[in-house]
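Everything on this sheet refers to the single structure shown next.
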Amino acid sequence: MAKVRLLPDRVANQIAAGEVIERPAAVVKELVENSLDAGATRIEVEFRHGGRSLMRVEDNGCGLSRDDALLALERHATSKITEAGDLDSLASYGFRGEALPSIASVSRFELQTREAGQDVGTEILVNGGKFVHVRDCGRPVGTRIEVTHLFNSVPARRKFLKTDQTEAAHIVQCVRLYALACPRTAFTLIEDGRVIFRSPECSTLAERIAEIFGRQTASELVPIETVETGMRLSGLIGRPGVGRGTRHEMIVFVNARPVDSRTLNYALIESYHESLPKGRYPLAFVFFECDPAAVDVNVHPAKREVRFRSEPAVRSFIIRSVLGRLRELGGAVVAAASPPQIAAPETSLEPRTSNVELPTPAPAPRLTPVLPAPVVPLRTPIAELRTPAPQTRNPEPETRNAPPAPTVPAWRFVGLAHGNYVLFETAAGLVLLDRRAAHERVWFERLQEQFRAGEVPSQRLLLPVPLELDPIASALLLDRLAFLNAHGFGVAEFGRNFFRVEGVPAWMEPADAEPFLRDLLGAMRDGRLQDRDTGLAGEQLAKLAAAKAVRLSETAGEAELKALVAQLFATRQPLTSPGGRPTYIELNHGELARRFQK
Ligand code: ADP
Ligand code: MG
C-alpha cells in the first residue's frame with residue numbers, strides 16, 4: 001500500500017516549474033518582472049540559442065541582502081504580499097514567490113546581487129535545484145541572474161521546446177512588451193551577441209514605440225485617453241484606415257501588465273469595424289487601468305490571462321472610447337483598395353457576432369468589406385497571357401499521379417457576368433469559369449517556372465521605397481534578403497532597421513511593394529510561411545504572388561477569355577486554383593434537368 005507523504009521541495013519546485021516555466025521566454029518574463037519590481041531603471045537581457053544555452057537578466061534595482069537572497073530561493077518566499085487580501089491591491093508584477101525557486105530547479109542558476117549600502121555582494125549558485133554555494137562577490141548595486149542549461153534535468157520539457165528561432169521570437173516579444181509597459185526604464189536586448197534593440201530611458205510611450213517599432217509605425221498612431229468611474233484607457237491607437245495583416249501590433253496592458261485578453265482584443269477589433277477593411281487588425285498600444293480588485297490576474301500560472309469582474313462593462317467602455325476617438329478623427333474610412341493581404345489563419349479572434357451592446361451613439365451601419373476595385377493594369381497581364389508561356393513540362397513527383405492534362409475543351413463562349421464568371425456552353429451542359437481563379441492558376445505555374453529557372457523578371461523602381469521595420473521584422477528580412485532578391489525583389493539594407501526597396505518583381509505594382517513585404521514578414525513570423533526550405537518557400541511565395549499578380553480588367557472579350565481557357569488547360573492542374581479552390585463548375589444536362597424538375 002502506497003504511503004501518502006510530502007514531496008521533497010526539489011521535486012515540488014520542478015513540478016511547479018512545469019506550470020510557471022513553460023519555455024525560455026517565461027524565464028525572461030519572470031526575471032524582467034522581478035527587475036521592474038525592484039525599481040530598476042536599467043535592464044539588460046541577453047540570451048543565446050533561443051534561451052536554451054543562456055539567459056541573463058541584469059538590473060540596477062534595489063538588490064538583496066545575503067539573507068534575503070537565500071530566502072528568495074525558498075518556495076513561496078516573496079517580499080511583495082503578506083496575505084491573500086493583498087492581491088486585491090496588487091501593485092507589483094510578482095506575488096507568488098514561485099519564480100526563482102522554479103527556475104533554479106530546472107537549470108543552472110547563478111544569482112549575484114548587492115543591496116544599496118552594502119560593500120559586498122552575494123553570489124548564489126544552484127544547479128538543478130541543488131544548492132551549490134553561497135559566497136561574497138563584487139558587483140554594482142542591483143541584481144544579475146544567469147540561467148544556463150535550461151531543462152537539462154527535465155528532458156521531457158526540453159523535448160517540447162520549439163526551434164531556437166521560435167523560442168527567440170518569444171523572448172524578443174516578451175522583452176518588447178515590458179519595454180513598452182515601462183518606457184522610463186532603459187532596456188537592452190542582446191541575442192547571440194547581437195544587439196536586437198537598445199532603448200534609453202524614454203519620457204513617453206510614443207518615443208518608446210518609435211525606438212522599438214520604428215518611426216514609421218509611431219507616425220501612424222494617435223493618442224487616446226478616456227476616463228470613466230473606475231476605468232481608464234490610455235495609450236496610442238492606429239489612425240482610421242491603418243491596419244496590419246497580423247495582430248502582433250495590437251498590444252494591451254491591464255494595470256501595466258502585458259496580457260492576452262480576449263475581452264480587450266475583441267473590443268478593439270470591434271471598434272475598428274468601420275475603420276478597417278475586413279481581415280486587417282488594428283494597431284494599438286493601450287493601457288487599461290482599473291481597480292486591482294476588479295481584475296483577477298491569478299487565472300493563469302504565467303499570469304498572462306486576466307479576468308474582469310465585469311466583462312461587459314469593460315468591453316463597452318473600450319468600444320465607446322475607441323469608436324469615439326476614431327469618429328473624432330474622421331470616422332469610417334474603409335480603404336477602397338485594400339493593401340495586399342495574407343489572410344491570417346487564426347480567425348478565432350474575429351468577433352463571431354457583432355451583437356455587442358453598443359453604446360450610444362449608435363454605430364454607423366457596418367460597411368460591407370470593399371473588394372479591391374478591378375483596375376486596368378499598366379502592364380496588362382492578360383495581354384502577356386496571350387503569348388503562351390513556355391511550358392517546359394517537368395512533372396513533379398506529386399503530380400505524376402495526376403490525371404493527364406485535358407486538351408483544350410471545345411466550350412462555346414456565352415458571356416461574362418459580374419466581371420468574373422464566364423459562362424460557356426458545352427456538349428455536356430454548362431460551364432461556369434471563375435476568371436480570377438483561372439488567372440491565378442496560370443500565374444502560379446508561370447511564376448514557379450520562373451523561380452525554377454532562376455529568372456524572375458524584375459523592374460527597377462524610379463523612386464526607391466523606404467521601409468522601416470521593427471527589430472524582429474528587420475532581422476527576419478535580413479535573413480531572407482538573398483531569397484527575396486533571388487525572386488525578383490531588389491531590397492537593400494540601408495541602416496539600422498531601415499531598408500530600401502529598389503526593385504520589385506515585374507508582376508507587382510510598385511505601390512504594393514511595401515504592404516506586400518510587411519505582410520510577407522508577418523506571415524513568416526507567424527510561421528505561416530516556410531523560411532528554411534527554399535523550395536517550399538518559393539512555392540508559397542508563388543502562391544501569394546499569383547494572388548497579387550492577377551488584376552482583372554472590368555470587361556473582357558470572347559477572344560481573351562478563350563485564350564484564358566487555353567492557358568488554363570496548358571497548366572499542370574487546371575482544375576484548381578493554387579489555393580485549392582475549383583477554377584470552374586460544370587452543370588451537366590442531368591443536373592440542369594433535376595434542378596428544373598423536368
Ligand atoms: P515574487 O516575484 O512572486 O515575489 P520571485 O520568486 O520572483 O517571487 O522572487 C522572490 C523574491 O526575490 C521577490 O519577492 C524579491 O523580494 C526578490 N527578488 C527577485 N528578483 C529580484 C531582483 N532582480 N532584485 C531585487 N529583488 C529581487
Ligand atoms: Mg517574481
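Cβ-Cβ below 6 Å, separation at least six or inter-chain, first residue in the range 55-66 and of a type in the set (D, E, K, R), second modelled with pLDDT of 95 or more and buried (at least 22 other Cβ atoms within 10 Å of the Cβ): which pairs?
So the pair list comes out as E58/R144; D59/S35; D59/A40; D59/I43; D59/G142; D59/T143; R66/T122.
Take the residues of the range 248-277 that are under 17 Å from the mean Cα position of the chain (by Cα) and closer than 21 Å to P515 by Cα: which is modelled with the lowest pLDDT?
Per the criteria, the residue is H248.
Based on what the data block shows, is E211 free of Cβ contacts under 8 Å to residues at least 60 places away in the same chain, under 18 Å from R496 (Cβ atoms) and not assigned by TED's automatic domain parsing to the domain that holds D291?
Working: free of Cβ contacts under 8 Å to residues at least 60 places away in the same chain: yes; under 18 Å from R496 (Cβ atoms): yes; not assigned by TED's automatic domain parsing to the domain that holds D291: yes.
Judged against the criteria, E211 is a match.
Can you work out which of the residues in the range 45-57 that are over 24 Å from the mean Cα position of the chain (by Cα) and away from ligand 2 (no atom under 16 Å from the Cβ) is modelled with the lowest pLDDT? Explain how you work it out, then say what you get.
Step one: of the range 45-57, the residues over 24 Å from the mean Cα position of the chain (by Cα) are 53-54, 56-57.
Still in the running and away from ligand 2 (no atom under 16 Å from the Cβ): 53-54, 56.
On the way: S53: 93, L54: 97, R56: 98.
Going through the qualifying residues, I end up with S53.
Check every one of the helices (runs of 4 or more DSSP H) wholly within the range 521-598 and list those with 3 or more residues that are within 25 Å of the chain's Cα centre (by Cα). Explain how you work it out, then say what you get.
Numbers: elements: 534-549, 558-569, 589-595.
Output list reads 534-549.
The values are calculated or read from the model by the stated rules, or taken from the named source; none is laboratory data. Values in this document were obtained by computation on a predicted structure and should not be read as measured data. Note that we place each Cβ from the backbone using ideal geometry, even for glycine, and neighbour counts take in every protein chain shown.
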